[in-house]
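Reading through the structure tokens given below for one structure.
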Amino acid sequence: MERDKKTRAVFKRLITDFHEHPVPSRMARDIEIPLDSGKIVSIVGVRRSGKTSLVYNLIDRLRQSIPQSNIVYINFEDDRLYPLHLQDCNDLIEAYYELYPQQRERPTYFFFDEIQNVPHWEKFIRRIHDTLPINIVITGSSSKLLSSDIATSLRGRTLTYEIFPFSFSEYLRFQGIDINLYSSKSLSHIKHAFAQYLVHGGFPETINASPDIRTRTIQDYADLIVYKDIIERYHIQNHALMKHVIKYSFANISTPLSINKLYNDFKSQGFKLSKDTLFDYFSYLNDAYAIFNIPVFKNSVREQQRNPKKIFAVDTAFKTVFDAFLEPDYGHLYENTAFLHLRRKSKQIYYLQHNQEIDFYCQTQSGPTIANISYDLSQPQTYTRECSGMAEALRYLDLPAGYLVTSEQEETVHRDEKSIHLIPLWKWLLTT
């Protein structure tokens, strides 16, 4: 009983502090979040990608039309709530109604930030969604918010939205750069910004930081992912191996991942591990939205599983920080940036493997997209090979057109009644 009183008092303080202070102003993102759908809205993504800022924008939007007492925001990473258990969550609801008893019968909006820190949080969310007149928005830094167990618990109750670090268009808006493709002045600013975005990524906090601060911040992000989202959550004992896996993943983006080869490499370096351990570690990195993998496109799942998957990072800044090379690896940076552009639109992304590999085949709401990334087309033989490979892929997929994404070249090539659009990556990011 004494603990209940203390927990309720903490919630009252947090709610009152929230109502007494203005919400920080944040830049609008390129995503629309409904607030009156009758569903639980889940906002998920990697740490520091801007989920809380997006929530602040939603709260600010609500405050334009309803009293601020109708809105509650709780950050479950607040140290004043530690340790918080499932049974404590009801004290949050009661604390609010004790402060505002008139709200028991009125619609209210509850925003729960980083709720995955509460064990079995989905039971609490399901109950209050089903029994109280409230609209719920939850955020989390783990795709475990989308796991089959939780999907079963909240079946039919959720709408999920993924948040990534800034897209290139968001990056330009954050920098105050006008997107006018007909203006020479605007184009010069866009291309200069793209060179920075490609190498340093789109994490909001790092954009205008000095090189040293930016590097330290990205390293801290990686540590947060490893320790907070993986080691603590899954009780991992082999910290050195986990850190080595994440370093390997970020340094080797846009490349096929062979668990067998990696197992032998790590074993030769003295690590004690099994192949199952490696599978688990890469699964955890996927759960934390740190890395993604895409399979080869085949007609059967079994055939897909027999081929290696290609891995990508949630932001190119991780490769820049963890790569051993002094010069940027533009080919892989281009491919990872293109992947993220497609991943914001769809989860159904594959690569093709025929006479020549094609980087991306993506199913989106507007239809299928095929794209190959070729940073350097200056050599005639490279140009011919890439165009021929794209034409072959278009015939195989029975598609009329595809993109050959380049660094500078822009033209449309016609091969066998197929159209191949050569387009610079920066322009592809802004126009498709």
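Each value in this text was obtained by applying a stated rule to the coordinates, not by laboratory testing. This is a predicted model, so every value here is computed, not measured. Using ideal geometry, Cβ is built from the backbone for each residue, glycine included, and neighbour counts are taken over all protein chains shown.
Tabulated data for the structure shown
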read-out	value
Pairwise label distance in nanometres, residue 346 with residue 220, each label 7 Å out on the Cα-Cβ vector	3.8 nm
Net lengthening on full extension, residue 302/residue 35 (0.36 nm per residue, minus Cα-Cα)	92.1 nm
HN-Hα J in Hz across the range 96-102 - Karplus 6.51, -1.76, 1.60, θ = phi - 60°, x for Gly and Pro	5, 6, 6, 6, 9, x, 5
Cα centre as origin, Lys/Arg/Asp/Glu Cβ charges: the chain dipole, Debye	680 debye
Compactness index (Cα Rg / 2.2 N^0.38 Å), the range 250-378	1.10
Other-chain or far-sequence residues with amide H under 5 Å of residue 42's (modelled H)	138, 159, 160, 161
For the range 49-66, 3J(HN,Hα) per residue [Karplus equation, 6.51 cos²θ - 1.76 cosθ + 1.60, θ = phi - 60°, Hz, x = Gly/Pro]	8, x, 5, 5, 4, 5, 4, 4, 5, 5, 5, 4, 5, 5, 5, 6, 10, 9
Given 39/310; 6/243; 144/243; 123/272; 275/319; 12/51, the pairs whose alpha carbons are separated by over 27 Å	39/310; 6/243; 123/272
Estimated [θ] at 222 nm from DSSP helical runs (n ≥ 4, -39500 (n - 2.57)) normalised by residues in the chain, nearest 500	-13000 deg cm²/dmol
Amide H contacts under 5 Å for residue 351, placed H, 5+ residues apart	296, 297, 361
Phi-based couplings in Hz for the range 392-407 (Karplus 6.51, -1.76, 1.60; Gly and Pro marked x)	4, 5, 5, 5, 4, 8, 6, 10, x, 8, x, 10, 10, 8, 10, 8
Rg/Rh for the range 237-322, where both radii come from Cα atoms and Rh is the Kirkwood radius	0.97
Cβ-derived FRET efficiency at R0 30 Å, residue 283 paired with residue 396, nearest 0.05	0.45
Cα→Cβ-extended label distance, 7 Å offset, between residue 188 and residue 238, nm	5.5 nm
Cα centre as origin, Lys/Arg/Asp/Glu Cβ charges: the range 345-432 dipole, Debye	280 debye
Other-chain or far-sequence residues with amide H under 5 Å of residue 135's (modelled H)	108, 109, 110
DSSP beta bridges in the chain [antiparallel fraction, %, rounded to 5]	40 percent
Computed E for residue 364/residue 80 - FRET, C-beta separation, R0 45 angstrom, nearest 0.05	0.55
Radius of gyration, Dmax [the chain; alpha carbons; angstrom]	23.7, 78
Residues 242, 27 arranged by fewest to most Cβ contacts within 10 Å	27, 242
Most positive-pole-ward Cα, 407, 377, 393, against dipole of the range 345-432 from beta carbon charges	393
Rounded Å value of the spacing that divides the Cα centres of the range 10-24 and the range 159-186	32 Å
Formal net charge of residues neighbouring residue 257 (Cβ-Cβ distance under 13 Å; K, R +1; D, E -1)	+3
